[in-house]
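The structure appears below as structure tokens.
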Amino acid sequence: MVRINENYQKLQGSYLFSTIAKKVGEYSAANPDKKIIRLGIGDVTRPLTPSVISALHASVDEMADEKTFRGYAPDLGYDFLRHAVCENDFKARGCDIAEDEIFISDGAKPDSGNIQEIFDINCRIAVCDPVYPVYVDSNVMAGRAGDYDKSTGRYSNIIYLEGTAENNFSPDLPKEPADIIYLCSPNNPTGMAMNKTELGRWVDYAGKNGAVIIFDAAYEAYISEDDVPHSIFEIEGAKECAIELRSFSKNAGFTGLRLGYAVVPKDLVRGGVSLNSLWARRHATKYNGAPYIVQRAGEAVYSSEGKKEIRGLVDYYMENAKYIAQGLKSAGYTLFGGVNSPYIWLATPDNMTSWEFFDHLLENANVVGTPGVGFGACGEGYFRLTSFGTHENTREAVDRICSL
Ligand code: PLP
């Protein structure tokens, strides 16, 4: 008889978002006249920009003509997109990345879940706490995690790097040896971003210890401060120890269109084997390429009009972030993030737990956010608000919270 992958049995249910949905559903059923504003979602709300839409239309027309029709895309990505990515995201920032180190994909979530496949099952992973859950769950599925402890909300055999107010949510280096280190900057959920010095110590650590950093830069477009690196490859030595993941979701609004890429440098070698060739082999076997029309839309993001439009999207959300941060600060909240990121991470008032504060906001301000504890034990006592809503809703939500 077939046996299932028992590792899946260790996964915890997606308690966080299902509980939020249940609580909000119950509250709105009991209070149908109340307007609930959701600042909990990590999804964008602005539509795709004109350059992207016209690239989509043009490429759809190409698909309708036998002279320009395209079938399977090259599995590592079309040259036109790899070229645009390489020139704009790396060479323009002084990073020496080559086109054949760029692997086009359908997003940073699949890449961050899949990348662990090229590493040995006995590698120990280190994640920050709080954390974007995909890094942990994909390794649980693969069998790299031990038992789950309900009282701590942690798996044995995974190294948790604690982010706290004291370290400004920039965790210390691991005290026990870590092989694969997941870093996300600007960070989801804390909204904090590492500066060059902070990121530099991770590159040093990985270089000295033979570890590999998986650097998730999905929120790179939101960086506003000069000393925050947009790419880990701005740090010397990173090409020998890091893989970077990028997304078109949060900068260009491709959450529904799906496009991203991974950078696996050829200098990244472990056990005498190039990780670039391993990832190419994996991609070629399991992935048949992002759709042509979506890659053309991605190319349009790098046109001069496209860049202006994307800037406009990011500015729109960051105006919300500013409004949230200013409003809540003046109401006496302790806040993190919101400067290089669309996320605002606030300390709950009056020693409320994350869930107590969730209920408090839902019932008294009719505003929905995300309890920090859902991202890990260190998130207890914190709460995430996002700036992906409309200006109108964001303002109304903040005004309601401030007048509580
Ligand atoms: N990485 C992080 C840290 C995220 O927060 C998200 C989405 O919320 C993603 C990746 C997903 O990116 P994509 O839409 O490209 O799969």
Alpha carbon centroid spacing (whole Å) that separates the range 146-172 from the range 371-402: 22
DSSP-loop chymotrypsin sites (Phe, Trp or Tyr not before Pro) across the range 5-84, with at most 10 other Cβ within 10 angstrom: PHE69, TYR72
Descending principal axes extents, the range 121-225, alpha-carbon based, whole Å: 40, 30, 25
Inter-centroid distance (Cα atoms) of the range 49-69 relative to the range 317-350, Å: 41
Beta bridges by DSSP in the chain, antiparallel share as percent, to the nearest 5: 55
Area of LEU275 that stays accessible when all protein chains are in place (1.4 Å probe, Å², to 10): 10
Percent of Cα pairs exceeding the 18 Å cut-off, where the set is the range 288-367: 61
Carbon and sulfur %, accessible surface of the chain computed with the full protein complex present, 1.4 Å: 51
Loop trypsin sites (Lys or Arg not before Pro), the range 142-179 (other Cβ atoms within 10 Å of the site Cβ: 13 or fewer; DSSP): LYS150, LYS175
Cα-Cα pairs of the range 187-309 separated by more than 26 Å (percent): 30
Longest DSSP-loop-exposure-free segment, GluC sites (Glu not before Pro), the chain, at most 16 other Cβ within 10 Å: 237-404
Mean accessible surface per residue for the chain, computed with a 1.4 Å probe while every protein chain stays in place, in Å²: 44
Farthest toward positive dipole pole in the chain [+1 Lys/Arg, -1 Asp/Glu at C-beta], among ALA98, VAL301, TYR382: TYR382
Evaluated over the range 168-242, the Cα radius of gyration and Dmax, each in Å: 11.6, 34
Cβ-based charge dipole, the range 20-128, positive-most Cα from ILE121, ILE20, PRO50: ILE20
Of THR152, THR197, VAL263, farthest towards positive along the dipole that unit charges on Lys, Arg, Asp, Glu beta carbons give the range 53-303: THR152
Sum of -39500 (n - 2.57) over DSSP H runs of 4+, divided by residues of the chain (222 nm, nearest 500): -11000 deg cm²/dmol
Computed magnitude of the charge dipole of the range 53-303 (debye, nearest 20; Cβ of K, R +1, Cβ of D, E -1): 520
FRET efficiency estimate (nearest 0.05) - Cβ-Cβ, MET141 to ARG70, R0 51 angstrom: 0.95
Across LYS35/LYS109; LYS208/LYS266; LYS239/LYS307; LYS196/LYS329; LYS109/LYS208; LYS239/LYS286, pairs whose alpha-carbon gap is larger than 20 Å: LYS35/LYS109; LYS239/LYS307; LYS196/LYS329; LYS109/LYS208; LYS239/LYS286
Principal axis dimensions, the range 45-137 - Cα atoms, whole angstrom, descending: 50, 33, 28
Residues GLN12 and ALA98, FRET efficiency given R0 of 30 Å [Cβ-Cβ distance, rounded to 0.05]: 0.15
Kirkwood hydrodynamic radius over Cα pairs of the range 101-171, then Stokes diffusion coefficient at 25 °C and 0.890 mPa s, in µm²/s: 183
Theoretical FRET efficiency, 1/(1+(r/R0)^6), r = Cβ-Cβ of ASP204 and ALA347, R0 25 Å, to 0.05: 0.20
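Give the value in nm², to one decimal: projected area of the alpha carbon convex hull of the chain, averaged over all directions.
So the Cα hull casts an average projection of 22.3 nm².
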Antiparallel content of DSSP bridges confined to the range 180-278, in %, to 5: 40
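The values are calculated or read from the model by the stated rules, or taken from the named source; none is laboratory data. Every value quoted in this text rests on a predicted model; they were computed, and no experiment measured them. Virtual Cβ from ideal backbone geometry, glycine too; neighbours counted across all protein chains shown. Areas reflect the complete protein model, heavy atoms only, side chains present, ligands, DNA and RNA absent. Shrake-Rupley method; radii C 1.70, N 1.55, O 1.52, S 1.80 Å.
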